[in-house]
Amino acid sequence: MPTPTSPQQTVQPPRNNRNSQFSSPLPFLARLIVRLRNICSTNMASYTSLKEVIDRGKFASLSDEQLVDFVYLQFKPVIDRLKNVEQNIEGDDAHPQGLLNRAGVQGKRDENDHNLTPSRYLFNGEDYSEVNRTLTNVLAVRWLLVGDYHTFTCHQKGPIKLKNETFKEFRKFINWFQDEPGWLMALIVALVIGDVGKDDKLAKEVRAQLKTPSDEEMNHDTVLERALEMNIVESPSPLDLLPPPQRDDVIRGVRLGAKLNIPQLAQGENVPGSLQCLQDLRGQESAFDLKYLEIMFDVAGAGAHVDACGSVRMIEPVCQSFLLTYKILKRVISKKITIQEAYNEVLQNRGRILSEKGYPELSTDDKQDRALLRLYAMGRVADIDLAERFRKALLGLPDDHRAELIQELNQSGLEGEQAVILYYMPALFAELLRHTQQASEETQIKALTSLMGFMRRTYIGAKNVPGETSLIIECDVSGAKSKIQAPEFPEDLTGLNDYNLPSLGSKDSQFW
C-alpha cells in the first residue's frame with residue numbers, strides 16, 4: 001500500500017484547471033490496455049468480473065487499484081451517470097487527494113500517475129465528486145475486511161480520530177453478516193446505485209414518465225426508488241446480479257432510504273417523526289441490516305470529494321454513534337421502545353461521548369440541554385473545547401432568539417407538533433469549522449452564533465410559508481454555503497447575518 005501524501009505536502013490546483021494539471025499522457029486505448037493489464041496482474045487474470053471475484057472468495061485479495069477497475073467494468077453505466085452529479089456542498093474547487101497509482105507505460109514514469117483519486121485514476125485526470133465518494137465507499141469495505149486501519153483512518157487527526165478498538169468493533173459488526181449468502185455483492189450493488197438518483201438526467205427521465213411537474217421537489221432516494229420501479233436505471237440492471245432474496249432486500253432498502261435518512265438521525269439533522277417508517281419493518285430485518293451496512297459505508301466514503309485517501313468522515317464519534325444507533329433502531333422495529341425514546345437515546349449517546357471526557361452531563365429532559373445535544377450532533381462535536389464554543393455561541397444569541405431556536409430544536413414532528421428538517425445543516429457546520437480553524441476562539445464563536453441565528457430564521461420562516469401544513473417540513477439550507485465561503489468570512493459576518501433562503505421570501509419584522 002503506498003503511503004499517501006500528507007495534506008501539507010499536497011498542492012491542490014483549482015478545479016477549473018483540472019485537465020491541464022492532472023491529464024495523463026496516455027491516449028484512451030493505451031489507458032484501456034493499462035487497466036486490463038492491471039486487472040490481469042497478481043493472479044487476477046482468470047477473473048472476468050467483480051461478481052466472479054466475490055463468488056470465488058477473492059475480494060480481499062484485490063489491490064485498491066484492481067478493485068476500482070473491477071467496479072468500473074462491472075458497473076460502468078452507473079458510474080458514468082455519477083459524473084453528472086454536481087459538486088458536494090462541503091469543500092471548494094480544490095482537487096481532493098488520493099492514494100491510487102496507475103501502472104502507466106512500461107519504461108516511463110509520470111508524476112500524474114500517482115496519488116490519484118478514483119475518478120482521476122479512471123478518467124484521465126478528471127475529478128468527479130460523486131464518483132470519488134461512491135468508489136471510496138466500496139474501497140472502505142475492503143479496508144475494513146482486511147483490517148487496514150492505517151488506510152481507513154488516513155488523515156484523521158486529534159481526538160476525533162477513529163480509535164483502533166472502535167475500528168475492531170466495526171469489523172466485528174460486519175462479521176455478523178458474513179454468513180449470509182451473497183451479502184457482499186448485495187452491499188456493493190446497494191453502494192454503487194445508492195446515489196445515482198442525484199443524476200439530473202435520471203431525475204428528468206423519472207419526472208417525464210411520472211408526469212411530475214419540474215418544480216416539484218423529489219429527493220434523490222425517491223428518484224432512485226421510482227427509477228428502479230420503472231426499470232430505467234440501466235439495462236441490464238445491477239440488481240440482476242443478485243439472487244431474489246438479496247435483490248428484494250436492496251429494493252426494500254431503497255424504499256426505506258426514501259423515507260428515513262439514518263445518517264440524519266445519527267447527526268441530529270432529522271426529527272423523531274422521521275422514524276415512523278421503522279414501525280413497518282418488523283419481519284424485514286434482513287433488509288434493514290443491509291441498508292444499515294450500506295449507510296455506514298456511505299458515510300465512510302462521504303468525504304472523498306475532499307480527501308479520497310481514506311475514510312475521513314467515519315471518525316470516532318460518528319462510528320460510535322452508528323454502532324450504538326443500530327441497536328436502538330432494532331429495538332424500535334421490535335417495538336421494545338417508542339420512537340421518541342429511540343431519538344432521545346441517540347442524543348444521549350452523543351452526550352456520553354463528551355461526558356466520558358469530563359464534560360458536564362446533558363439531559364434530554366431539559367430543553368436547552370436537548371437543543372445543545374442536537375447542535376453537537378449536527379456539528380460532529382467530539383471534544384470539550386469545541387463543545388464549549390458551541391454552548392457559548394448559543395448563549396450569544398439574544399434571549400428571545402435563543403428561546404425560539406431551542407423550541408424549534410425540540411419539536412418532534414409527532415402528534416400534531418410541526419417540525420422542520422434543515423437539510424445539509426451538518427455540512428454547513430463542517431464548512432464553517434473548516435473556514436474558521438485558523439481563526440481566534442472569539443471569531444469562531446461569533447461565526448457559530450451567526451449560523452445559529454440563520455437556523456432560527458429558517459426554522460420560523462419555513463413554518464410561515466403560506467399554505468404550509470405539513471407536519472414535517474423539509475428545507476434545503478445549502479444556499480448558505482456561499483456566505484460561509486465568501487472571502488470576507490469570518491471577519492465580516494454581514495453576509496451570513498443578513499442571509500435568508502430565497503424560497504422563504506423576504507424578511508418579515510414579526511419573526512426576523
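Please go through region 236-280 and pick out each residue that is hydrophobic (A, V, I, L, M, F, W, C) and either in contact with a strand residue (DSSP E or B) (Cβ under 8 Å, 6 or more places away or on another chain) or within 18 Å of Gln418 (Cα to Cα) (or both). Working first, answer last.
To start, the set of residues in region 236-280 that are hydrophobic (A, V, I, L, M, F, W, C) comprises 239, 241-242, 250-251, 254, 256, 258, 260, 262, 265-266, 271, 275, 277-278.
Listed by number, the residues that qualify are Leu260, Leu265, Val271, Leu275, Cys277.
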Members of region 265-277 found to be modelled with pLDDT of 90 or more and crowded, with 20+ Cβ neighbours inside 10 Å, listed by number
Leu265, Gly268, Glu269, Asn270, Val271, Pro272, Gly273, Ser274, Leu275
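Tally up the residues in region 273-286 that are touching a residue at least 40 places away in the same chain (Cβ under 8 Å) and not in a helix (DSSP H, G or I), please. So that I can check it myself, show each step before the final result.
Step one: of region 273-286, the residues touching a residue at least 40 places away in the same chain (Cβ under 8 Å) are 273-276, 278-279, 281-282, 285-286.
Still in the running and not in a helix (DSSP H, G or I): 281-282.
Qualifying residue count, region 273-286: 2.
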In the list Gly396, Gly379, which residue meets the criterion of being of a type outside the set (Ser, Thr, Tyr) and touching a Phe, Trp or Tyr at 6+ places or on another chain (Cβ under 6 Å)?
Gly379
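Evaluate region 335-355: report whether one residue or more is touching a strand residue (DSSP E or B) at 6+ places or on another chain (Cβ under 9 Å) and crowded, with 18+ Cβ neighbours inside 10 Å. Reasoning before the result, please.
Applying the first criterion (touching a strand residue (DSSP E or B) at 6+ places or on another chain (Cβ under 9 Å)) to region 335-355 yields none.
Within region 335-355, not a single residue is touching a strand residue (DSSP E or B) at 6+ places or on another chain (Cβ under 9 Å) and crowded, with 18+ Cβ neighbours inside 10 Å.
Report whether or not Arg350 is in a loop (DSSP other than H, G, I, E, B), over 28 Å from Ser470 (Cα atoms), touching a Phe, Trp or Tyr at 6+ places or on another chain (Cβ under 8 Å) and not small (Gly, Ala, Ser). Even if it seems obvious, please write down each step before you answer.
Working: in a loop (DSSP other than H, G, I, E, B): no; over 28 Å from Ser470 (Cα atoms): yes; touching a Phe, Trp or Tyr at 6+ places or on another chain (Cβ under 8 Å): yes; not small (Gly, Ala, Ser): yes.
Considered against the rule, which asks whether it is in a loop (DSSP other than H, G, I, E, B), over 28 Å from Ser470 (Cα atoms), touching a Phe, Trp or Tyr at 6+ places or on another chain (Cβ under 8 Å) and not small (Gly, Ala, Ser), Arg350 comes out as no.
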Assuming Ile473 fulfils every condition listed in (1) over 19 Å from Glu491 (Cβ atoms); (2) of a type outside the set (S, T, N, Q); (3) in a helix (DSSP H, G or I) apart from one, which condition is it?
(3)
Within region 292-333, can you find the residues that are without any contact (Cβ under 8 Å) to a residue 60 or more places away in the chain and of a type in the set (Val, Ile, Thr)?
Ile295, Val299, Ile328, Val332, Ile333
Please go through (1) modelled with pLDDT of 90 or more; (2) closer than 30 Å to Tyr343 by Cβ; (3) surrounded by fewer than 22 Cβ atoms within 10 Å (Cβ to Cβ) for Met218 and return the number of the only condition it doesn't satisfy.
(1)
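Within region 337-371, track down each residue that is among the hydrophobic types (A, V, I, L, M, F, W, C) and more than 13 Å from Ser412 (Cα to Cα). Can you show your working first?
Step one: filter region 337-371 for residues among the hydrophobic types (A, V, I, L, M, F, W, C), giving 337, 339, 342, 346-347, 353-354, 362, 371.
Scanning region 337-371 gives Ile337, Val346, Leu347, Ile353, Leu354, Leu362.
Tell me which residues, restricted to region 120-138, are among the hydroxyl-bearing types (Ser, Thr, Tyr) and in contact with a Lys or Arg (Cβ under 8 Å, 6 or more places away or on another chain). Walk me through how you get there before you give the answer.
Within region 120-138, the subset among the hydroxyl-bearing types (Ser, Thr, Tyr) is 121, 128-129, 134, 136.
The answer is Tyr121, Tyr128.
Out of Lys327, Lys367, which single residue is surrounded by fewer than 22 Cβ atoms within 10 Å (Cβ to Cβ), at pLDDT below 95 and not hydroxyl-bearing (Ser, Thr, Tyr)?
On the way: Lys367 fails: at pLDDT below 95.
Going through Lys327, Lys367 in turn, the sole match is Lys327.
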Residue match in region 292-313 (condition: at pLDDT below 95 and more than 17 Å from the chain's Cα centre (by Cα))
no
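Residues Asp240, Asp248, Asp221, Asp289: which one is part of a helix (DSSP H, G or I), touching a residue at least 40 places away in the same chain (Cβ under 8 Å) and assigned by TED's automatic domain parsing to the domain that holds Leu50? If you could, list the steps in order and put the result at the bottom.
Values: Asp240 fails: touching a residue at least 40 places away in the same chain (Cβ under 8 Å); Asp248 fails: touching a residue at least 40 places away in the same chain (Cβ under 8 Å); Asp289 fails: assigned by TED's automatic domain parsing to the domain that holds Leu50.
Within the list Asp240, Asp248, Asp221, Asp289, the selection yields Asp221.
Looking only at region 479-500, filter to residues that are part of a loop (DSSP other than H, G, I, E, B) and surrounded by 18 or more Cβ atoms within 10 Å (Cβ to Cβ); which one of those is farthest from the chain's Cα centre (by Cα)?
At the first step, the residues of region 479-500 found to be part of a loop (DSSP other than H, G, I, E, B) are 485-493, 498-500.
Filter once more, so that each one left must be surrounded by 18 or more Cβ atoms within 10 Å (Cβ to Cβ): 489-490, 493, 499.
Numbers: Phe489: 25, Pro490: 25, Leu493: 28, Tyr499: 26 Å.
Per the stated criteria, the residue is Leu493.
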Scope region 292-318; condition crowded, with 23+ Cβ neighbours inside 10 Å, part of a helix (DSSP H, G or I) and touching a Phe, Trp or Tyr at 6+ places or on another chain (Cβ under 6 Å); matching residues:
Met296
Qualifying residue in region 459-467 (condition: of a type outside the set (D, E, K, R) and farther than 29 Å from Gln340 by Cβ):
yes
Condition set free of Cβ contacts under 8 Å to residues at least 40 places away in the same chain and crowded, with 16+ Cβ neighbours inside 10 Å, scope region 168-211, selection nearest to the chain's Cα centre (by Cα): answer is Gly197
Condition check: touching a helix residue (DSSP H, G or I) at 6+ places or on another chain (Cβ under 8 Å), modelled with pLDDT under 90 and either outside the structural domain of Tyr128 (by TED's automatic domain parsing) or among the hydrophobic types (A, V, I, L, M, F, W, C) (or both). Does Ala190 satisfy that?
no
Tell me yes or no: at least one residue of region 423-434 is crowded, with 18+ Cβ neighbours inside 10 Å, touching a His at 6+ places or on another chain (Cβ under 6 Å) and not hydrophobic (A, V, I, L, M, F, W, C).
no
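The values are calculated or read from the model by the stated rules, or taken from the named source; none is laboratory data. The structure displayed is predicted, hence computed values, not measured ones. Using ideal geometry, Cβ is built from the backbone for each residue, glycine included, and neighbour counts are taken over all protein chains shown.
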